[in-house]
Amino acid sequence: MGSSENNNNKEEVHVLLVAFSAQGHINPLLRLGKSLRSRGLHVSLATTDTLYHRVFKYTTNGGDSSTVPTSITTNGIEVFFFNDGFQTDGERAADVDKYMEGIAKYGPINVSNIIKTHFLDSSKKLACIINNPFVPWVADVAAEFNIPCACFWIQPSALFAIYYSFYNNLNTFPTLTDPNISVKLPGLPLLETQDLPSFVLPTNPFGTFPKILSSVFKGLEKLKWVFINSFYELEKDVIDSMSQVFPIATVGPVVPPSLLGGDEDSDVGIEMWKPEDSCIEWLNQKPDSSVIYISFGSLTVLSSEQKDSIAEALKKSHHPFLWVIKEENKELPLPKEFLEETKDRGMVIPWCPQTKVLAHPAVACFLTHCGWNSMLEAITAGKPMIGYPKWTDQPTNAKLITDVFHTGVRLKQDSDGFVPCEEVEKAIEQVLERPSSEEFKKNAEELKRAGREAVTEGGSSDRNIQSFVDEILGNKPIDH
Ligand code: UDP
């Protein structure tokens, strides 16, 4: 194992992580940071003030938000805050394109200042800056200081391969005049329009995200390393083919340690919403492999009709269910009659401790929007999935469930994205009752085992992390 004291000058070797303040972006970086720390590096994170307002002012400052401190230290990682040009979450949520532009405008100067003030010190060597794909300007800031930059890609390798092909014009993708083109990429099943990430489709209404992705993929030469939150055994074929054209290194599954057989209290992830722990007590009362867990992540809002059709299918299935409906997203509540009729076997809450829920023996399957964090958590918990993808990487992630991982099914949506009750009923049967359910369970168990192995000493991801650490510490590689 390397040590920051090993290098000749006895400088501290530092790595700076940079992300914007979304739970699903910060947590994988903090968890990767913890792994780097345990291998001898000094690790800091720079993110926007939002994280202070949403999380740390309560844990460190009794709720006082009048002044944002320059930094705080959490679990040995110093967290620096910078301004993104906005004052309130309301302003940020009002226009996502403006929000992303604000970060791209104020981020570079603010992160440069953090580097100048805190890292240009003779006792420290800032050996690498690691960003994630939504703050690509970080690579330019790193270049200004002549510091190598890495990107921690927080989606599957499949998505990296698709965007790589799209932004380098290596394949034909759907267009307005030809919207139904299928795309065949090495190492991936044939991707129809409905399987492609929404940002490459001509129907995508968001200007900023494709712009950001384009700057990542057109600026790959600025990155010395690309780390992926996935593991080799999960996406072997696409990783093998991608690695022939661009080096990528899987370092995952980067999930809370409890999902990998570790200690629950050792997690360094932050929580932007308070989970309702009472659901664990409720799950304790349910038979093993009986409960359908339903959540669409932090952003997706379902229409009332869609919720009604899922509710109807749950009512008919007679399975117990735990359903997260985020109040903050101003969704209409489920109908009172449904809640009354299912009160003996259903629980509906605004936010749950998802990793504990997925790991619970009572949970049989996960009806998910296919956010990558949620999917990796389900994979490491060994749970089959029913995919109901909406946008961004989710449609491709759902394709991976059915055609690569073979751990579940995907709900068939009509042209408006609506899924009728019968379709949900059929999916529940396939995943929980029909002979196919045994196959899904077996495959899910196998991936759970492979995921744990990848991050244990000598596993595929562990080796990739260690060789990065050795490289930046200047350690000689060990011959095996
Ligand atoms: N999550 C949670 N409680 C819930 C629902 C979700 O803690 O009730 C967490 C979940 O464990 C995951 C994250 O929220 O880590 C969602 O991230 P994901 O990438 O799946 O979706 P997003 O919210 O970014 O769409």
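Nothing in this text is a laboratory measurement; each read-out follows from the coordinates by a stated rule. Note that the coordinates shown come from a computational prediction; the quantities given were computed from them, not determined experimentally. Note that each Cβ is placed from the backbone with ideal geometry, even for glycine, and that neighbours are counted across all protein chains shown.
First check a/c for the range 414-470, with a ≥ b ≥ c the square roots of the eigenvalues of its C-alpha gyration tensor; if it is under 1.5, answer rounded, and if not, answer prolate when a/b is larger than b/c or oblate otherwise. Oblate.
Rounded if a/c is under 1.5, else prolate if a/b is larger than b/c, else oblate: which is the range 305-433, with a ≥ b ≥ c the root eigenvalues of its Cα gyration tensor? Because its axes are fairly even, with a/c under 1.5, the range 305-433 counts as rounded. Seen from all directions on average, the range 119-253 presents a Cα convex hull projection of 9.1 nm². Here the chain yields Rg over Rh of 0.96, to two decimals, using C-alpha coordinates and the Kirkwood radius.
Shape annotation for the range 180-331: C-alpha extents along the principal axes are 52, 42, 29 Å, from largest to smallest.
Based on alpha-carbon positions alone, could you give the equivalent ellipsoid semi-axes of the range 102-141 from the gyration tensor, as √(5λ), descending, whole Å? Working through the eigenvalues yields semi-axes of 20, 12, 6 Å. Distance from the Cα centroid of the range 123-172 to that of the range 211-252 is 9 Å (rounded to whole angstrom).
Checking the table LYS105/LYS184; LYS390/LYS426; LYS218/LYS412; LYS124/LYS236; LYS34/LYS116; LYS356/LYS412 against a 27 Å threshold on Cα-Cα, which pairs fail? Exceeds cut-off: LYS105/LYS184; LYS218/LYS412; LYS124/LYS236; LYS356/LYS412. Among the listed pairs LYS10/LYS57; LYS316/LYS441; LYS98/LYS307, those whose Cα-Cα separation exceeds 28 Å are LYS10/LYS57; LYS98/LYS307. With a Förster radius of 30 Å applied to the C-beta separation of VAL301 and GLU429, the computed FRET efficiency comes to 0.65. Prolate is the label for the range 5-144. Its Cα gyration tensor axes, ordered a ≥ b ≥ c, give a/c of at least 1.5 and a/b above b/c.
Distance from the C-alpha centroid of the range 373-420 to that of the range 16-54: 27 Å, rounded to the whole angstrom. The ranking of PHE246, PHE338, PHE160 by Cβ neighbour count inside 10 Å, starting from the fewest, reads PHE246, PHE338, PHE160. Residue exposure proxy: ILE248, ILE109, ordered by other Cβ atoms within 10 angstrom of their Cβ from fewest to most, comes out as ILE109, ILE248. Fewest-first ordering of THR380, THR456 by other beta carbons within 10 Å of each residue's beta carbon gives THR456, THR380. Using C-alpha pairs below 8 Å separated by at least 6 residues, the relative contact order for the chain is 15 percent.
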